[in-house]
1. In whole Hz and in residue order, list the ³J(HN,Hα) couplings for the range 50-61 that follow from phi through the Karplus curve 6.51 cos²θ - 1.76 cosθ + 1.60, θ = phi - 60°; x for Gly and Pro.
2. Cα gyration tensor of the range 20-156, axes a ≥ b ≥ c as square roots of the eigenvalues: rounded (a/c below 1.5), prolate (a/b > b/c) or oblate?
3. Sort out for me the Cα centre separation of the range 136-156 from the range 80-114, rounded to whole Å.
Amino acid sequence: MKTTIIGLFLIILSAQLSFAQNPGTKSFTTEEQEIVNLSKEKWQWMADKNVDKLATLFDDKSKFVHMSGTWKKDEELDIIKTGRIWYQKADVHDIALELFDDTAILWNRITLEAIVRENVAKTEFTVTEIYQKKGKEWKLLGLTFSSVRDTHTIAH
């Protein structure tokens, strides 16, 4: 009897999981997946304060929009290097991506854990990233943080 109940429970559970859909789940083309992977690597490089990798990724004319201001590549790299903002962890909940020839716009809905001016902050954002393919490499042209509620969704 116990075996039957456990078996029935497992069948119901697996059926529910197979029908459950994650709104952020989408299959990407090879080129789109390359950008998604690059974005994920970028979050890790920011957490690791790896300004050498970021300097290569960020276009020389790139701009960064934060809650406290907008600045260019050199200041963003300095902020990361010195830890004025330490992007400790970005949990990505959803990704939407659009390609326009050699330009890609990626929207991430994230929960960002960071240390800002010695204060721990955990904030919900939609982050807009703009990439452009230059030669064989993608360069980040812009990154904008938009503070949102945790119920915010990205239209796909």
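Please treat every number below as a calculation from the coordinates, not as lab data. As the structure is a prediction and not an experimental result, all values here were calculated from the model.
1. Ordered by residue, 3J(HN,Hα) equals 8, 5, 5, 5, 5, 4, 6, 6, 6, 5, 4, 9 Hz.
2. Numbers: a/c = 1.82, a/b = 1.12, b/c = 1.62.
Oblate, because a/c is 1.5 or more while a/b does not exceed b/c.
3. 6 Å
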